[in-house]
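Contents: one structure, followed by commentary.
The values are calculated or read from the model by the stated rules, or taken from the named source; none is laboratory data. Note that the structure is predicted; figures quoted are calculated from it, not measured. So basically every Cβ, Gly included, is an ideal-geometry build from the backbone, and we count neighbours across all protein chains shown.
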Ligand code: FES
Ligand code: FES
């Protein structure tokens, strides 16, 4: 290739590159528009508006991430570990210097819906703005009123993330948002036949929007994007592995989802933290303790109606679970199993979960047919066994029965053996667990706090 | 620790008189105290008039107190008030054996109870009354024998009167007086009513038995409490109840020293099922309810704004940034030579002249008592202002004095009961905020009802004072033959005694912090043991075998390190260092013999596992011990197969109980070396229950083989001595098997899977 | 709610989610069953429900209504329970005794289901904690009950040797 020709190509490429850079720079630095641009919020909102905002804050579970057990409400500082290092949630009290006290309604809406902070920097998508984007204007207004007028300002500077350069650059997040959020508030859809459309739409709104259920329950793609943000995709709420837990499918899957649950079961679970199928644990404890139990009966019903409308995927889910006494029979009277896993089960698990794996009423959940026993993902089973559960606090009262942590009693191999037993007994098809996987999770996770943790909103 | 409360010194209730008295005739009083009519009761001087007066008020209010010691009932039953509390160590049986031996009555038929407070029960030759320090038998032995002998003499005298025969012609067989010549005999029970009128003979007039004649002492007499304990009949403090009683649970401040700002949801708690009232205590919120489960759930429900305390050097305060990890570093970084606790020769010079110098840093960990019975107390104010209280304790007089002082109740207005203990281990001493009884007293006062307060296991682990942690810097010097010529140990720690007192020992050294580093019998010519005082914010406590529980581990494992550096077999090295010490040479040989001869390994056992053995010795509480442990690795975890232990307490009372104590103390030592560590992070314990603080489970228990060696030396203790040699014996075996030097406990923190 | 305990019927007021442990201890005054941890870790609260050992601290009372509950207070009414208690006394198992109600119940349950358990079966069933370290005595007692086995014989010989030993000298 001649030198001239080469130079010419270089010039063309250079020019193109300049355009791309300029465009990207504009794009990543631009503040997206907001319907609230130029709109000023009332300086003395009505009590009703503030109360509505408080309720929306419950629906959206703001407190779980923006508070720490011993910190002030909404002052941030909760550590979230990512593979790149820890990030810390921010102060969203109305403090002018360190919080969001200087945010206009439009600024607030941009942060909430687009992940753009008041100063224009991009938020990590640990903040579920792709879901919050669906909040309707009235709810955003209410939420703003609540934060500005009912939350006490706290002077607490945000803690910088531990992520090192270059991964700590925020501008690429703008591209991420552009690609993976479709923006736009929730749009009313036609409900499936025979379903109350108002209820269904309300349920869809909460689940997809403020409730941001997909953050945990929808599988994520290569760059941590949720694969779907609404029911138009089969991937939506199809169950996902996140943070050392497997969040079950919330679809009609009979084994790893809600297929066996009635609407009433769903409502009870979200209101009381327990039903005959399961008891809240893992990261759902935060969602339950701070959010779902505060939802109105009507909203819980709406959620149940909506979730029950999402079909399962039998291909992924397999044939429906049925209680079986083979290959490992219920460890009835006088059973003296040879297998180490079964012996461990009797010594460590059976007193609570029953020798037959069926649990006790709604107080202690069954392991027979449970998602953690049926899913091929073993993270939840391992995690809860190693680390136990934090207290479920229903209506302010901590639970009477709590899962202990076994990390100091059982070796990786013990945990693998007992879980392999559980996940292949009583018709369970989760399959066996490998000691290496236990080891990995042991290193990555911490025991659940046995303190009763109640995050205050005021 | 000799501050026993004199409940009699300043009032007329009972005169102080340490000579036993026949109090049988004070019938009204005795009857109301549950003493059988017609029983011979040996107690202490009791003037009839005040007794009557007291009896009269007793009927109206609080129950009477009788300083009875020994009661021989007309039906032949014998009731003994033990000055020492039973917490598993078998002391009730030992006391019955000792008294029964001289009384000539079968100890297995004794009814033994814990005696109330009172100077009369200060039978220990060191002037104390405390169940602890493995002291009960060795310090109470003579006094208890004398009581038995006096009672026997009175029964003999009563029989002599009956038959008109000289006492000298009479003898006894268990439970009866015999006149050999005539073949006449009378049961003790039959004689008791006749002995009631007799004066107690002069203590010097009775001769104690020749040990060669012992019928029960030295024999594996069955325990008096075993049947009741096998059938759930024993009433521990947690089981006590009185009419009209309410129950209480607490939520403690997450860190010691914090106080209650406010309870955010007080109205909610008050409305909970069964809740009687909600109370703010010092560093805790309490809920009183009809039933404990309701109280506990309500106490857990309390959302409390806790406040940091004002600076107060007299109180311990747990700061938010305290962690055991950083505290261990803090101890390791402490510099200085410390205060000398024991010294011989010239360590510095000897180290300079040594062929090889070995420097190593060892450490111990905080551990919990984790006794199975969670702490509780039942407090009841009677109408006459008397406070009746049940609480687990190991020193009734000291507790009574403490309650009197802190509750502002006259000591003679306190009736203190000491039920059997659901586990001992040093948990039941006075630990300030580490005990629940003052909370119970306060609640009883506030509610006007009897209150039983129980700490949930979670609250217990939050306030359980711990065995101290220490970092010990060792320096050892070896000569050309690999023999130790110098050893220095500087322990950076706060000892339990200074921790409990919350002030540094006036002597500059807390003996209980260094025992086990001091008092070693090895003939190392130059040595220096020192304590470097470093205060901790954690509450400290005695733990079974106290300083020995950690220090013998530290010393004996370092000794093995020295042996290895000097190319010596650790058993042979100990033999050499004990040359000329017959008692210990004999003991070490005894344990080797018990184990089928010393072999260090590693060797392959019959089951194919690779195993090694370790040896260690200790000189705790007046006794001598030597232990050998055999270990292997199983899935990267240490498995202890056998522990052989030889114990020389000088002389003994009950070999079966000693066997049991060896098994029990060994188990606790194993638990400590294999599993236990109380971890604090952010000023709070990480474990609040047994799930995160595992204690030795049955499947990790090895076979324990005990050999009792009675050298005839001065009697030593038994409850604690079999503990200290166990952890180092195990650790030494593991170091040898794995090639990885063990310098701290527990072994569960090491990964041996590689 | 009605409970059948030790052959008697009790009517109890506690709420359905109350652990059986606290119903029998507090409401019925049967305090032989002990509280140690409340989270199924120690076994001090063991009782039999229809002959099978349960940890009553994690047993919501509602789940056992109408079933046959045996507590330590009733253990000697059961012939096997009686033998267990006798073996406990013979082997002098208890120290502080706090865990022993639970241990006796666990052993009774085991022997009711399996009259002659193997050593491995005993180890698998006797999982209650004992802080006093009575584990060797417990397994000796249960093995004795299981009908001999080397360690029962050994234990007997040991006790006999100890009994025979007299005066000063060496014992093991
Ligand atoms: S109290 Fe039930 S297992 Fe510990
Ligand atoms: S005998 Fe004390 S806990 Fe077992």
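The table that follows gives values for the structure above.
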| quantity | calculated |
| --- | --- |
| Top-ranked residue of region B:191-204 - restricted to ones that are in contact (Cβ under 8 Å) with a residue 24 or more places away in the chain and assigned to a loop (DSSP other than H, G, I, E, B), ranked as surrounded by the fewest Cβ atoms within 10 Å (Cβ to Cβ) | B:199 |
| Residue among A:406, A:421 that alone is buried (at least 23 other Cβ atoms within 10 Å of the Cβ), assigned to a loop (DSSP other than H, G, I, E, B) and in contact with a helix residue (DSSP H, G or I) (Cβ under 7 Å, 6 or more places away or on another chain) | A:406 |
| Residue in region A:377-389 that is within 11 Å of chain B (Cβ to nearest Cβ) and without any contact (Cβ under 8 Å) to a residue 24 or more places away in the chain present | no |
| Of residues in region B:667-689 being assigned to a loop (DSSP other than H, G, I, E, B) and more than 14 Å from chain C (Cβ to nearest Cβ), the one nearest to residue B:749 (Cα to Cα) | B:677 |
| Selection count where residues are touching a helix residue (DSSP H, G or I) at 6+ places or on another chain (Cβ under 6 Å) and touching a residue at least 60 places away in the same chain (Cβ under 8 Å), scope region B:251-273 | 2 |
| Filter result (in contact (Cβ under 8 Å) with a residue 40 or more places away in the chain and surrounded by 18 or more Cβ atoms within 10 Å (Cβ to Cβ)) within region B:176-190 | B:188, B:189, B:190 |
| Residue match in region C:98-106 (condition: at pLDDT 95 or above, within 16 Å of ligand 2 (Cβ to nearest atom) and in a loop (DSSP other than H, G, I, E, B)) | yes |
| Given (1) more than 16 Å from ligand 2 (Cβ to nearest atom); (2) more than 7 Å from chain B (Cβ to nearest Cβ); (3) at negative phi, number of the condition residue C:7 does not satisfy | (3) |
| Region C:123-133 - residue that is more than 7 Å from chain B (Cβ to nearest Cβ) and under 13 Å from the mean Cα position of the chain (by Cα) and, of those, surrounded by the fewest Cβ atoms within 10 Å (Cβ to Cβ) | C:125 |
| Residue in region B:236-244 that is away from every other protein chain (no Cβ under 11 Å), in contact with a helix residue (DSSP H, G or I) (Cβ under 8 Å, 6 or more places away or on another chain), surrounded by fewer than 24 Cβ atoms within 10 Å (Cβ to Cβ) and touching a residue at least 24 places away in the same chain (Cβ under 8 Å) present | no |
| Residue count, region B:151-168 (criterion: in contact with a helix residue (DSSP H, G or I) (Cβ under 7 Å, 6 or more places away or on another chain) and either part of a loop (DSSP other than H, G, I, E, B) or under 14 Å from residue B:100 (Cα atoms) (or both)) | 4 |
| Filtered residues of region C:107-122 (kept if surrounded by 24 or more Cβ atoms within 10 Å (Cβ to Cβ) and either touching a residue at least 40 places away in the same chain (Cβ under 8 Å) or within 9 Å of another protein chain (Cβ to nearest Cβ) (or both)) | C:108, C:109, C:110, C:117 |
| Where a residue in region A:338-355 is over 14 Å from residue A:368 (Cα atoms) and within 10 Å of chain C (Cβ to nearest Cβ) and its partner, wherever it lies, is within 15 Å of ligand 1 (Cβ to nearest atom) and in a helix (DSSP H, G or I), with Cβ under 7 Å and at least six apart | A:351/C:58 |
| Yes/no for residue A:270 being assigned to a helix (DSSP H, G or I) and crowded, with 21+ Cβ neighbours inside 10 Å | yes |
| Subset tally (residues that are more than 7 Å from chain B (Cβ to nearest Cβ) and either buried (at least 23 other Cβ atoms within 10 Å of the Cβ) or within 14 Å of ligand 1 (Cβ to nearest atom) (or both)) for region C:23-32 | 3 |
| Residue B:537 being over 17 Å from residue B:619 (Cα atoms), assigned by TED's automatic domain parsing to the domain that holds residue B:477 and surrounded by fewer than 19 Cβ atoms within 10 Å (Cβ to Cβ) | yes |
| Options C:92, C:41: the member that is within 12 Å of chain B (Cβ to nearest Cβ), within 21 Å of residue A:359 (Cβ to Cβ) and within 16 Å of ligand 2 (Cβ to nearest atom) | C:41 |
| Single condition residue C:68 does not satisfy, out of (1) within 16 Å of ligand 1 (Cβ to nearest atom); (2) assigned by TED's automatic domain parsing to the domain that holds residue C:8 | (1) |
| Selection status of residue A:287, within 11 Å of another protein chain (Cβ to nearest Cβ), crowded, with 17+ Cβ neighbours inside 10 Å and either more than 16 Å from ligand 1 (Cβ to nearest atom) or not in a helix (DSSP H, G or I) (or both) | no |
| Residue in region A:403-420 that is within 24 Å of residue A:261 (Cα to Cα), without any contact (Cβ under 8 Å) to a residue 60 or more places away in the chain and within 14 Å of another protein chain (Cβ to nearest Cβ) present | no |
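For (1) crowded, with 24+ Cβ neighbours inside 10 Å; (2) assigned to a loop (DSSP other than H, G, I, E, B), each residue gets a yes or a no:
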position	(1), (2)
B:485	no, no
B:489	yes, no
B:520	no, yes
B:532	no, no
B:546	yes, yes
B:550	yes, no
B:575	no, no
B:592	no, no
B:596	no, yes
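A quick yes/no check of all residues on (1) assigned by TED's automatic domain parsing to the domain that holds residue C:130; (2) more than 16 Å from ligand 1 (Cβ to nearest atom):
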| position | (1), (2) |
| --- | --- |
| C:15 | no, yes |
| C:21 | no, no |
| C:46 | no, no |
| C:50 | no, yes |
| C:57 | no, no |
| C:64 | no, no |
| C:83 | yes, yes |
| C:111 | yes, yes |
| C:115 | yes, yes |
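For (1) modelled with pLDDT of 90 or more; (2) under 25 Å from residue A:236 (Cβ atoms); (3) surrounded by fewer than 20 Cβ atoms within 10 Å (Cβ to Cβ), each residue gets a yes or a no:
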| site | (1), (2), (3) |
| --- | --- |
| A:154 | yes, no, yes |
| A:164 | no, no, yes |
| A:171 | no, no, yes |
| A:183 | no, yes, yes |
| A:189 | yes, yes, yes |
| A:196 | yes, yes, yes |
| A:213 | yes, yes, no |
